[in-house]
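S.K.: First the structure, which I've put down as structure tokens, then a few questions once you've had a look.
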Amino acid sequence: MPDSINAKNLLKKLRAQTPEMLACLRRFVECESPSLEKAAADRCCALITKEWRAAGAHVERVPNAKRGDHLRIVWQPREARAMRSTDQLLVLGHYDTVYASGSLRRMPFRVKGGKAFGPGVFDMKAGIVQALFAFRALQELQAASASSSQSKLRKRVVFLWTSDEEIGSGTSRKLLEAEARRSEAVFVLEPAFGARGLLKTSRKGVGEVELIVRGRASHVGLAPHDGVNAIHELALQISRVETWNDLKRGISVNADIVEGGTRTNVIADRARAVFDLRALSVADMRRIEERLRELRPFNRRAKLEISGGFDRPPLERKMSAALFARTKTIADELGIDLGECCAGGGSDGNLTAALGVPTLDGLGAVGDGAHSPGEHIVVSKMAERTALTARILYQSSN
């Protein structure tokens, strides 16, 4: 293998580029991009577009009337142009954040103690920066392979940065699923887990269900027998559903919003609960949804209305195992101790894995504090994660 392609030499080059990565990250973080503010998100989209085009990428800005525009970045080496449309690798992530415009005033971008802080720095603008520098490294690897006996990259690589992952991917889901169906593998640049930078080889499925109980109002003192207390019925239903929890199996069903009634001397004729649903396997996801549909009232005079369900299926480990094994080998070459974990939260990787496309998640930044004032990344890990991404894309494209 030529020196320019050698894994450790690549890592050495990328470490030298860490100040440049950090400067790019500052630009991205200081351009706020809340999911719910299209104008702000579009400004960040334009900045990311500029940075990628400056690196020689072909960038398509996908218009979006409701949220920020999405970005589809295509790198197709000459050798890949005659290949099938399905000879593709997808790198997936999002540039939207949970922070409203103005959050920089209370949590400005700063570097302290080897960590970079700021809104969205960990989830997941550092991942986009690392992908950008991995793209630049891929260009160098391709150039090196052209003058050697090494295999050239033979697959198209699509980088897809969406604007609404933090609010459920409502406008981007069809787009990312279409790209996934054309891809042999999906690599998700969501943050890694914990100080060790664990990859997420499985994720729980995530959903939400609303349960409304319809009762009958009546005067509490004069005619209690005529009333049907919706709150009492809802309390019984919550107690029933609570027994479904099985943390060892990765199943959790939690009533997180509860409301009902109008005043103390009126029997409540309506009560409502919203449940958060989590499951680690597709089979358990389907069983939970089936049990929800089978709920019946304890009081026959009450009525139940149930809506919702899982919107992100589980990412089961079988969809990540082979990709993780390959990435672990690359990490060993780089001198990185790479591990894996199961994540309780969902990502767009859940959606691509549900299509049957091998998906590996958590390749992004190492850090902590997502969605909090202490959100940060570990600066020294940026080069390692960039090298890991470049090498797995290079290997997967041969």
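The values are calculated or read from the model by the stated rules, or taken from the named source; none is laboratory data. For clarity, every value in this text was computed on a predicted model and none was experimentally measured. We place every Cβ from the backbone using ideal geometry, glycine too, and count neighbours over all the protein chains shown.
S.K.: Are any residues in the range 232-254 buried (at least 19 other Cβ atoms within 10 Å of the Cβ) and without any contact (Cβ under 8 Å) to a residue 60 or more places away in the chain, and if so, which ones?
M.R.: Within the range 232-254, L234, V241, I251, V253 qualify.
S.K.: Filter the range 59-80 for residues that are at pLDDT below 95 and either within 25 Å of G356 (Cα to Cα) or touching a strand residue (DSSP E or B) at 6+ places or on another chain (Cβ under 7 Å) (or both); which is surrounded by the fewest Cβ atoms within 10 Å (Cβ to Cβ)?
M.R.: Filtering first and then ranking leaves Q76.
S.K.: What is the one condition in (1) charged (D, E, K, R); (2) part of a loop (DSSP other than H, G, I, E, B); (3) assigned by TED's automatic domain parsing to the domain that holds G345 that K174 does not satisfy?
M.R.: (2)
S.K.: In the range 223-272, which residues are aliphatic (A, V, I, L, M) and assigned to a helix (DSSP H, G or I)?
M.R.: A230, I231, L234, A235, L236, I238, V241, L247
S.K.: Among the listed residues K125, K112, K174, K155, which satisfies the condition of being under 22 Å from D361 (Cβ atoms), of a type in the set (K, R) and more than 23 Å from the chain's Cα centre (by Cα)?
M.R.: Just one listed residue meets the conditions, K155.
S.K.: Show the residue pairs that are 6+ apart or on different chains and have beta-carbon atoms under 6 Å apart, the first residue being within the range 341-363 and more than 10 Å from L315 (Cα to Cα), the second being part of a strand (DSSP E or B) and charged (D, E, K, R).
M.R.: These pairs meet every condition: G362/K200.
S.K.: Select from the range 342-353 the residues that are surrounded by fewer than 21 Cβ atoms within 10 Å (Cβ to Cβ) and out of contact with any Lys or Arg (no Cβ under 6 Å at 6 or more places or on another chain) and write down the one among them that is modelled with the lowest pLDDT.
M.R.: First, the residues of the range 342-353 that are surrounded by fewer than 21 Cβ atoms within 10 Å (Cβ to Cβ): 342, 344-345.
In the following step, the residues that additionally are out of contact with any Lys or Arg (no Cβ under 6 Å at 6 or more places or on another chain) were identified as 342, 345.
Details: C342: 96, G345: 91.
Ranking the qualifying residues of the range 342-353, first place goes to G345.
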